[in-house]
Amino acid sequence: MNSNYLYLTLDILTISVPFIFSFYPKANFSKQWRHLWLAILIPGIAFIVWDEIFTRLGIWGFNSSYLTGVQIGSLPVEEVLFFICIPYACVFTYEAFNYLARRDILHSFQKTISILLITMSLSIGLLHADKWYTLTTFMGLSIALSLLQFVWKVSFLARFYLTYFALLLPFFIINGILTGSWIDEPVVWYNNTENLGIRIVTIPVEDVFYGMLLILLNISLFEWQRHATR
């Protein structure tokens, strides 16, 4: 395979299996698409703007050896597609878990998990306010979780936590490749003066919580849309 198609191939592989299984008759996710487009579009725009700013500031960047060369602003088209393919696959997984696991096994732990995540995120963000990636990721997550848990008092966070925990395996594979695992150079490079410098193999620890924030917003808007149209 031409290395210039690596990132695009990862995008396609990420969405292809969930898309195919979206038409499974007993749990037809395609019938939920009308609730999905805003759930992908709104966070996608916010994250693309965030991505664009950080790319221009040199907080992270992209290796042209693994890209097709098509740009949207400062971003490769593959990076823009990332904010469509990953959310689609993750919301599909969330719905699959809802179908397969009727019992909300983490329900009684939802508030405790939320408090731990909020406290951890707020502390890390404030203690490392001089590092832009660390600050924005952890403060954004702490604010979003605080609003959902204590202001809007949603009940789906426990199912989100279970889903995201399950998604960590494919996350580490895909993000591992993007950050340089199993390939000669990373697809996405990071300025380590703007993050904690802690890596899970090749993955900056911030990526785990950046991904959590993205999928949290996707699922929250998906649930809002679904209940708003009932």
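Worth a mention:
- Within region 151-187, the set of residues being free of Cβ contacts under 8 Å to residues at least 24 places away in the same chain and farther than 26 Å from E78 by Cβ comprises V151, W152, K153, F165.
- The set of residues in region 18-27 being aliphatic (A, V, I, L, M), without any contact (Cβ under 8 Å) to a residue 12 or more places away in the chain and surrounded by 12 or more Cβ atoms within 10 Å (Cβ to Cβ) is empty.
- Boolean, G44 is out of contact with any Leu (no Cβ under 6 Å at 6 or more places or on another chain), buried (at least 18 other Cβ atoms within 10 Å of the Cβ) and either in a helix (DSSP H, G or I) or modelled with pLDDT of 95 or more (or both): yes
- Boolean, F97 is of a type in the set (F, W, Y), in a helix (DSSP H, G or I) and at pLDDT 95 or above: no
- Taking the numbered list (1) of a type outside the set (V, I, T); (2) surrounded by fewer than 18 Cβ atoms within 10 Å (Cβ to Cβ); (3) in contact with a Gly (Cβ under 9 Å, 6 or more places away or on another chain); (4) in a helix (DSSP H, G or I) in turn, L147 passes all entries but (3).
- Here E79 passes the criteria (1) farther than 19 Å from Y5 by Cβ; (2) among the acidic types (D, E); (3) crowded, with 20+ Cβ neighbours inside 10 Å except the one numbered (1).
Yes or no, residue by residue, for (1) surrounded by 18 or more Cβ atoms within 10 Å (Cβ to Cβ); (2) under 30 Å from H35 (Cα atoms); (3) among the polar types (S, T, N, Q):
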position	(1), (2), (3)
L126	no, no, no
V151	no, yes, no
S155	no, yes, yes
T163	yes, yes, yes
I177	yes, no, no
L214	yes, yes, no
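- Residue among F171, F165, F138 that is aromatic (F, W, Y) and in contact with a Ser or Thr (Cβ under 8 Å, 6 or more places away or on another chain): F138
- For region 190-230, a residue qualifies if it is of a type in the set (A, V, I, L, M) and either in contact (Cβ under 8 Å) with a residue 40 or more places away in the chain or farther than 16 Å from G180 by Cβ (or both), and the qualifying residues are L196, V208, M212, L213, L214, I215, L216, L217, I219, L221, A228.
- Going through (1) without any contact (Cβ under 8 Å) to a residue 24 or more places away in the chain; (2) touching a helix residue (DSSP H, G or I) at 6+ places or on another chain (Cβ under 6 Å); (3) not in a helix (DSSP H, G or I) one by one, L122 falls short only on (3).
The values are calculated or read from the model by the stated rules, or taken from the named source; none is laboratory data. For clarity, every value in this text was computed on a predicted model and none was experimentally measured. Positions of Cβ are backbone-derived with ideal geometry, glycine not excepted, and every protein chain shown enters the neighbour counts.
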